[in-house]
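First the structure, in the form of structure tokens, and then the observations on it.
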């Protein structure tokens, strides 16, 4: 009888170990993220990792294009998005509308054309082709940018508009630059006067000819 009890104890212990191993396996699986790029895919323990971290780690193994956009659950996400176990991260090469080529990030565009942030902002003012996504992500259609740059190089084109900052406007209104920022955010200063991409941590910039017209109307 003692031998039977011993066997029963061993059986119960084995069952508990099996259940523990199964629970551990399920726990580990719940921390995995399925990563897909074209024909390449796999499950990786990247819970709480950023999309940019995964892109760098799998850049060569998955041959991920620099212009490939990241999607989680079928929705575009930013490079700083933190992943959760059980999600599916898919990198899709952004081709945009047929004939427009790849969609470049602002950083890729600046690197490709060898321009700095200030010059990039000036190009935005001039009408640099841009695509905005619901997530706030910005991309530039490569072919449209090439044509835009070609036209910009035309000697008959007018020179870029002059840009001014908040001190310029504050001096003319006799107020502080803080008040100017409030006027921008409240909508009192028209958006067409503000240089796209400025503010929100960067110095506000205005298109001088437009802000001067606004100042005259006040």
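Please treat every number below as a calculation from the coordinates, not as lab data. In this text, all values refer to a predicted model and were calculated from it rather than measured experimentally. As a convention, Cβ positions derive from the backbone with ideal geometry for all residues, glycine included, and neighbour counts pool all protein chains shown.
Per-structure values
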| item | result |
| --- | --- |
| Length released on extending from residue 61 to residue 143, taking residue separation times 0.36 nm less the Cα-Cα span | 26.7 nm |
| Net lengthening on full extension, residue 31/residue 72 (0.36 nm per residue, minus Cα-Cα) | 13.2 nm |
| Packing-based exposure ordering (other Cβ within 10 Å, fewest first) of 55, 139 | 55, 139 |
| Gain in span if fully extended, residue 162 to residue 40, counting 0.36 nm per residue against the direct Cα distance | 39.1 nm |
| Footprinting exposure proxy for 140, 37 (fewest neighbouring C-beta atoms within 10 Å first) | 37, 140 |
| Relative exposure of 66, 205, 75, judged by other C-beta atoms within 10 Å (fewest first) | 75, 66, 205 |
| Label-point separation in nm, residue 191 to residue 171, each point 7 Å along Cα→Cβ | 3.0 |
| Inter-label distance for residue 213 and residue 183, nm, one decimal - labels placed 7 Å from Cα along Cα-to-Cβ | 1.7 |
| Residue 82-residue 114 pseudo-label distance in nm [points 7 Å out on the Cα-to-Cβ vector] | 4.0 |
| Alpha-carbon gyration tensor eigenvalues x 5, square-rooted, for segment 33-93, Å | 15, 12, 11 |
| Share of pairwise Cα separations in segment 103-152, more than 16 Å, in percent | 32 |
